[in-house]
Each structure stands twice: as structure tokens, then as C-alpha cells.
Amino acid sequence: MSSNSPSGTERAVATAPGSDGVLIWSGAERVELSERFYRGVFVGCLVFVALAAAAALALLPLRDPVGIGAAPTIALAAALVLLAPLGVWRSRELYLLFRREPKWELPVVAVAAALVAYPLRSELWWPSCALLMLIGTLAPLRRTAAYCLAVLLINLVAHVIAGDLDDIPAVTIIGLWVGFGFWSAAFALSTDRLASHILRMRQAPADEPRDPPLRVDATVVPTPTSEVDARVTTPPYVAPSRLEALTFRQLQVVALLADGLRYAEVAASLGISTRQVQRHVTDSIARLGVLSANELVAVAKAEGIADPASTFEQ
């Protein structure tokens with residue numbers, strides 16, 4: 001792999017082959033832009049966790065009486081409200097910590113499980129589910145789903161031990177299981193797709209020539225209005241991007257590889273291990289149906305995700 005890869009802070013001025021003069025960004029620049037988006041989502045989730053916990057604390061005494069058994073969960077909800085501003089203040093460091101060390105997701109999942117373990121208070125579902133949505137911005141969908149299942153099983157086991165499962169309406173249990181899975185998965189998938197779209201964006205130059213306005217010669221029999229409208233308004237066919245099959249994290253790895261970075265350099269840039277980079281590359285090769293990392297990078301360059309002048313060597 002060569003060392004002449006473009007800097008992440010400089011706009012690539014090359015144009016992609018066959019892209020009609022459309023400017024492209026370097027892979028590092030795209031990755032930085034997508035990381036800013038994800039850090040913004042992460043901060044928004046921290047604020048949402050605090051608001052959900054505050055709403056739970058406000059509504060708890062307004063409904064059924066709060067028993068002594070709810071004291072630990074109330075204390076946890078209050079702690080979330082108090083610690084959220086600190087998390088927002090140090091959000092960048094916190095985000096990178098979770099990215100580099102996935103083991104720090106476990107304490108967050110433990111708090112989410114404790115909030116719904118016992119007693120079953122629907123108000124406390126909100127901050128618990130918000131914590132799992134926060135994890136969804138950091139962990140792959142499969143791991144997020146595993147965390148949801150673990151939290152729900154802990155809730156079920158706690159009520160079996162307490163012996164009050166027969167007193168809880170079935171619709172409450174069903175709503176808890178469906179709600180946790182749906183909101184966590186929907187949030188994780190939507191943010192992944194939005195960030196992936198940012199990674200695949202292209203930028204047209206400001207002075208791009210425009211088509212001249214349609215003129216009609218009075219001496220010529222005019223074309224029927226329906227045909228003119230069809231000719232003017234029907235957009236040209238654009239083939240779907242092959243890169244749409246990749247997840248956000250896989251796209252980040254491919255973009256940096258297309259920039260000319262080695263596996264170790266990609267790992268250092270994203271704050272993950274070299275083994276994770278290799279796994280992302282292997283999964284990306286399988287998803288796109290290519291034969292090697294070189295072909296994977298070639299697809300990325302053909303679709304304008306990096307500077308075509310950069311070179312890649314394994």
C-alpha cells in the first residue's frame with residue numbers, strides 16, 4: 001500500500017471515471033463526516049436517556065404507590081439524570097471509549113436490566129429502552145439484539161423468583177418484549193442507513209453546466225403535452241449502488257482502505273482492533289460477491305467513495 005493517500009482534511013479534487021465531472025471526497029474525509037454524525041446521534045441519545053429518566057421520576061408517584069422495593073430503581077433513574085450532563089460534556093471521550101472497548105457496554109446494559117428487573121413499573125421502561133438505543137449507536141445490530149434479549153430475560157426471571165408473574169397482565173409482558181426489540185432495532189438500523197448514505201454521497205461542482213431551457217419552434221407541430229412532460233420530468237435511470245449492501249462500519253473500513261491505508265492504520269483511525277478490520281473486510285467481500293480486498297476497493301473507487309489515484313496493496 002502506498003503512502004501517497006490523501007489527507008483526511010483536504011478535499012480530493014479528482015473526478016471519478018464516468019461521473020460527468022462530479023467531485024469526490026477522500027475516504028478519510030467521508031469517514032470523519034460520518035463520525036461527526038454518529039457522535040451527534042450519541043449525544044442526542046444521552047440527552048434522551050436523561051429526559052426519559054426525569055419523566056419516569058415525575059410520573060412514578062402520580063400513578064400507583066411506589067413501594068420500598070422500587071427504591072434501587074428510583075435511585076438508578078435519578079443517577080441517570082444527574083450523570084447525563086457529565087456524559088454530554090465528555091461525549092467525545094465517552095464515545096471513543098465505547099468504540100475502543102466494547103466491554104464498557106456491559107455496565108450500561110446492566111443498568112438497563114436493573115431498571116426493569118423488579119418491580120415492574122412501565123415508567124422505568126423508558127430510560128431502560130433509551131439506554132439500549134444508546135448502545136445501538138455503538139454496537140452492531142446483532143449484539144444490540146442480544147443485549148435486548150438479556151435485559152428481557154432478566155426481567156422475566158426476576159418476576160418468576162418474586163412469584164408475581166401471575167399478577168401481571170400478559171399484554172404488559174408482550175408490550176415490553178415487542179417494544180424493546182422494535183425501538184432498539186429500528187433506531188440502530190435507521191442511524192446505520194443514514195450514516196451509510198453520508199459515506200456514499202457525491203458532491204457536484206458549483207459551476208456544473210445546466211441544460212438549456214426547452215424551446216418549441218412555432219413552425220413545427222408541437223409534441224403532445226403528455227410526451228413533453230414525460231421527456232422533461234422523467235429522471236435518467238441510475239443504477240443502485242452496490243455499496244448499499246454494506247453496513248456503516250463496513251463502509252468506513254472500505255473507504256479508508258480505498259484511501260490507501262493499511263489494515264493497522266485503518267484500525268488506529270477507527271479505534272478498533274486489526275482483527276475487527278479483517279472481519280469487516282471479510283464480511284464486505286461476502287456481501288458484494290467479490291473475490292478479494294483489491295476487488296472490494298475497486299468497487300469503492302468506481303462508485304466515487306475515494307480518490308481513484310490512490311493505490312491499495314495488501
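No value in this document is a laboratory result; all are computed from the given coordinates. For clarity, every value in this text was computed on a predicted model and none was experimentally measured. Because the Cβ atoms are built from the backbone with ideal geometry, glycine has one as well, and the counts that use them run over all protein chains shown.
Odds and ends about this structure:
- Remark: segment 101-113, residue by residue, has Karplus-estimated 3J(HN,Hα) of 10, x, 4, 6, 6, 5, x, 5, 5, 5, 5, 4, 5 Hz, where x stands for each Gly or Pro and the curve is 6.51 cos²θ - 1.76 cosθ + 1.60 at θ = phi - 60°.
- Compactness index (Cα Rg / 2.2 N^0.38 Å), segment 31-198: 1.05
- FRET efficiency, 1/(1 + (r/R0)^6) with R0 30 Å, evaluated for Ser273 and Ala79 via beta carbons: 0.45
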